[in-house]
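Read the structure below first, then the notes.
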Amino acid sequence: MTSLQGNDFLTGKLLIAMPQMTDPRFARSVIYICAHNEDGAMGLVINQLVESFTFVDLLEQLGIKKTDTASEIRVHFGGPVESGRGFVLHSNEYQQDSTLAVTGKVAMTATLDILNDIANDQGPDKSLLALGYAGWGPGQLTDELHQNGWLIAEQDEDILFGSDLRLKWDLAMSKIGIDPNWLSSESGHA
C-alpha cells in the first residue's frame with residue numbers, strides 16, 4: 001500500500017473509497033488519479049456508469065458518424081465536476097497533441113478527435129470514456145486521506161480497463177491485501 005508523505009503526489013494511483021464513505025457519488029468507488037500537485041487533484045471514477053446516456057447518444061449529439069462497435073462502448077460517471085465534459089483514459093500508444101501522459105502506460109485525452117477515432121475503430125487499444133471528473137482543491141485530498149476516507153493502490157491496468165465494474169472495488173482492495181469485511185466503519189479503527 002502506498003502512503004502519502006511530504007510532497008508525494010498520487011498521479012497514476014488508484015483511490016479506493018473506504019466502506020464508511022457516505023457520499024453516494026463515491027460509495028465503493030475506485031478513482032484513477034490523473035493529476036495531483038500542490039494546486040489540487042483530478043481523477044476519474046472508473047467503476048460507475050452513466051445509466052441514462054450511451055456512447056451512441058454522445059456521438060449523435062456531437063454529429064460523429066458511428067460504426068457497429070460504437071454501441072459496445074460504455075460511458076462512465078467520472079465524477080460530479082463538469083459532468084458534461086468528456087475524458088478518455090487510454091493506453092499510451094495513442095497520442096494527440098493534447099494528450100496528457102499520466103504515466104508511462106496510461107494517458108488521457110479530452111478532444112472530439114479521440115471520440116471520432118474510437119467510434120471508427122481507430123482509437124487506442126484500451127480506453128475508458130468518462131463524463132465529468134472528481135476534483136480536490138489544494139490539500140483537500142491529503143485531508144481526506146488523513147481522515148481515513150480513501151485507501152491508495154498502485155496503478156493496475158486490469159482494474160483500470162477491466163470490464164466488470166462490480167468487481168473493481170473488491171479487486172483494488174485485494175490488490176493492497178485488504179479484505180473489506182475486516183474494516184471498521186469507524187475512522188481510526190481497523
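A short reminder: the numbers here are calculations on the coordinates, not readings from a lab. Quantities reported herein were computed from a predicted structural model and do not represent experimental measurements. Note that each Cβ is placed from the backbone with ideal geometry, even for glycine, and that neighbours are counted across all protein chains shown.
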Would you grab the residues whose amide H sits under 5 Å from the one on Cys34? Only those 5+ places off in sequence or on another chain, please, with H modelled 1.01 Å from N. Gly12, Met42, Gly43, Leu44
Just want the answer: with Cβ charges of +1 for Lys and Arg and -1 for Asp and Glu, which residue in Ile46, Gly78, Gly149 is farthest toward the dipole's positive end in the chain? Gly149
Among beta bridges assigned by DSSP with both residues in the chain, the antiparallel ones amount in percent, to the nearest 5, to 90 percent
Scale the Cα Rg of the chain by the rule-of-thumb value 2.2 N^0.38 Å and send over the ratio, two decimals. 1.03
